[in-house]
Amino acid sequence: MNCEKYKKLIEKYVDGTINDSELAELKAHTKTCQSCREEFESCVGLENVVREAFLSRTGAEEAKASLMARLAAEPSAPARRIRYGPAWLADRRASIAAGILLAIGLTLGFAMGRASIVEPTLAEKVPMRVSELDGTVLVKHKGFDVWQTLEAGENVHLGDTFHSAVKSGFVLELEDKSTIEVNQNSMLALKLYNGQTQFHLEHGRCTAALESPHPPFFISTPHGRVEALGTEFTVTVE
Amino acid sequence: MTDEFKQTLSSDEQLISATLGGDMTAFGTIVERYWNMVVGLAMSKIGEPAEVEDIAQESFMKAYSQLHSLQHPSRFAGWLSKIALQQCANTVRKRVRCKTALGCKATGVEELNAKEAEANEHRLTKKQIHFVKQTVRQLPEKFQKLIVMRFVGGLSAVQIAKQLGKRPGTVRVWLHRAYKILRKDLAPLLEEVKQL
């Protein structure tokens, strides 16, 4: 069998320039040609092995959340488009722009106030608060699309999801003074389960220090639920 | 517009322009697009997984703060890869300085290798992952970068050429050369994996 064409397609696969129909054609060919099958499988195998060995432990989405949090918390490093022209003009330009923005803002604010746009409302508060916070922690309330910066002392709501960035962490204090300390690079969500607030650790690490005696206390993870038998325990999800 | 949609449709140039115009979410899309590539590049130089992710974060922070100085937005990934490798070099230099001048307990290479071997839970065994990384690290510098950009970053040879300001033919030749070396050196491991 003349396999020159398919050898070229395998090269294109390695280059990453093969298109879907060419790939389908190559795959169909490898079903009947052992030499090309071995060659192609070896390419796919090598690619997979390298990708897996160099895979990030943190997903791109999670990394994005962390970086966005850092950028929001460190306004000292803004990216700016270079403006040409004399400095006085730049200042004037900035003040004109600010004036226009202010006018737009006022008009919009007025219009929105009149139009009574339906906005999502916060879910009910749960009896706990953020007692300590280090670095940058974001919170996303249920029904909202945006992540906001969490502050120490803030109350929390059912359905909240918390994300702590690198070198950041926070402590949730419950009504009975029990605490849940969430470490860096962690994601914790508060959900309602059987009428009770449940803690779901999606990834990262948290330590619960419970006042004794305490009612049954669980932390759920993607791998199962962990029940507190003593007064202090740590859960890690990698 | 959903993030996935945005990520597929927007070019680097558009995202950079939006970022420079104050749209921080556009930079978020850039981070998502190149996170794996930057981590992969850092891993090709540094053993400690936590340190690698710190380096990747710092690389993106630096890219963000210096974005206005980027001459060719269409070569963003190439520019970002240089920043990442520079961050790695700084880390290694600091570690050496710390070890020699202050006598502090910086992590040694052997220790790093042992640590990185502990840190995965995938289909490959820890030993196999370590072996793959070591094999890639032994490639010439320019080949390492290509392999990571191609297999981890998911860029094609043509895109890599554009990003690095090289001719596509040159990148293809390098890529196939690197590929040939890896196939030879990793042959026993590929056999093992195939039999699973």
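Rule-based calculations on the coordinates, nothing more; no lab input. Being a predicted model, the structure only gives us computed values, none of them experimental. Backbone-built Cβ (ideal geometry, glycine too); neighbour counts: all protein chains shown.
For region B:119-196, just say rounded, prolate or oblate: build the C-alpha gyration tensor, square-root its eigenvalues into a ≥ b ≥ c, call rounded for a/c under 1.5, and beyond that prolate if a/b exceeds b/c, oblate if not.
On the way: a/c = 2.36, a/b = 1.97, b/c = 1.20.
In terms of gyration-tensor shape, prolate.
Rounded to the nearest 0.05, what FRET efficiency do A:LEU192 and B:MET24 have when you use their Cβ-Cβ distance and R0 = 22 Å? Don't skip to the end; give the middle numbers.
Working: r = 32 Å, r/R0 = 1.47.
That gives a FRET efficiency of 0.10.
Rounded if a/c is under 1.5, else prolate if a/b beats b/c, else oblate: with a ≥ b ≥ c from the C-alpha gyration tensor eigenvalues square-rooted, which is region A:125-237?
Numbers: a/c = 1.38, a/b = 1.33, b/c = 1.04.
Rounded shape, in that the Cα axes give a/c under 1.5.
Taking each residue in B:19-27, count the Cβ atoms of any other chain within 10 Å of its Cβ, then average. What number comes out? Write down the numbers at each step before the final one.
On the way: counts 4, 5, 3, 4, 0, 6, 3, 0, 5.
Per residue, the number of nearby Cβ atoms from other chains is 3 on average.
Mind giving me the FRET efficiency for A:ALA24 and B:VAL158? R0 is 35 Å, r the Cβ-Cβ distance, nearest 0.05 is fine.
Numbers: r = 21 Å, r/R0 = 0.60.
Between A:ALA24 and B:VAL158 the formula returns 0.95.
Between A:GLU39 and A:HIS223, take the C-beta separation as r, use R0 = 35 Å, and let me know the FRET efficiency to the nearest 0.05.
Details: r = 39 Å, r/R0 = 1.12.
Efficiency, rounded to the nearest 0.05: 0.35.
Modelled label-to-label distance, B:ARG183 and A:GLU132, 7 Å Cα→beta-carbon offset: nm?
About 5.7 nm separates the two model spin labels.
Once you sort the root eigenvalues of the Cα gyration tensor of region A:4-53 as a ≥ b ≥ c, which label holds: rounded (a/c under 1.5), prolate (a/b larger than b/c) or oblate (the other case)? Walk me through the intermediate numbers first.
Numbers: a/c = 2.01, a/b = 1.37, b/c = 1.47.
Here region A:4-53 falls in the oblate category.
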